[in-house]
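Report on the structure given below.
The values are calculated or read from the model by the stated rules, or taken from the named source; none is laboratory data. Source: prediction; values computed, not measured. A quick note on method: Cβ atoms are made from the backbone with ideal geometry, for glycine too, and the neighbour counts reach across all protein chains shown.
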Amino acid sequence: MGWIILLIFIGLPVMELSVLIDVGDEIGAFSTILLCLLTAAIGLSLVRLQGLIVLRNMQAAQQKGEPIGPSLIHGFFLLLAGICLFIPGFVTDFLGALLLIPPVRLFLGKAGLAHTIVRRTYKEGGSTVIIDGEFQETDNTPPFRDTLRQNTPKTPKNDPEN
C-alpha cells in the first residue's frame, strides 16, 4: 500500500507536468492555462449538479425505507471527482471526468466494497460474523419448526409419521 501512495504523490505530478509541457508546446502556454481553467469550471459544475441529484435520490430512498448504499458510493466518488477536477492538469481532469460517469462509480464502489469485505473476512480468520441481539417470540406466529413442517410436502422420505 505504501508503494501505491508513493507512486500517486510522485508519479501523478510528474505525469501532469509532462502532459502540460507537451500540450503547451502544441497550443501555447496561454491556451493551455485557459483550457485547464475551462475543464475545471465545467467539471466542477457537473460535479455540483450530479451531487445535488445524488443527494435528492438519497433523501427519497431514506424516506421510502430503501438502502442508501448506492447513493453513498456515488457521493464518495463524486467527491473524488471534484478533487481531481480541482487539481490543475489534464491527467487529473481525465480521471475526474471518468468518475462523473455513474456506471464507472458504481463499478468502482462495488469492486472496492467486495475487496474490503474479503480482506475483513480474511483478517478475522473466518467467514462468520456474530451479531448480538435480542428477540422475543409472540403468540401470533408459529415457531419456525412448526411452520417448516406445515409447508413441507409429505413424501415417504420426509414424512415423520413413517
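Here are some notes:
- Just one residue in the set ARG56, ARG48 is under 20 Å from LEU85 (Cβ atoms) and basic (Lys, Arg); that residue is ARG48.
- So ILE33, is it touching a Pro at 6+ places or on another chain (Cβ under 9 Å) and at pLDDT 90 or above: yes
- Selection status of LEU38, within 22 Å of CYS84 (Cα to Cα), assigned to a helix (DSSP H, G or I) and in contact with a helix residue (DSSP H, G or I) (Cβ under 7 Å, 6 or more places away or on another chain): no
- Checked against (1) of a type outside the set (Gly, Ala, Ser); (2) surrounded by 15 or more Cβ atoms within 10 Å (Cβ to Cβ); (3) free of Cβ contacts under 8 Å to residues at least 60 places away in the same chain, ILE83 meets all criteria but (2).
- Candidates PHE30, PHE76, PHE107 - the one that is surrounded by 15 or more Cβ atoms within 10 Å (Cβ to Cβ) and either part of a helix (DSSP H, G or I) or touching a residue at least 40 places away in the same chain (Cβ under 8 Å) (or both): PHE76
- Residue match in segment 81-103 (condition: touching a Pro at 6+ places or on another chain (Cβ under 8 Å) and modelled with pLDDT under 90): no
- Residue match in segment 50-57 (condition: in contact (Cβ under 8 Å) with a residue 24 or more places away in the chain, within 23 Å of LEU98 (Cβ to Cβ) and over 19 Å from the mean Cα position of the chain (by Cα)): no
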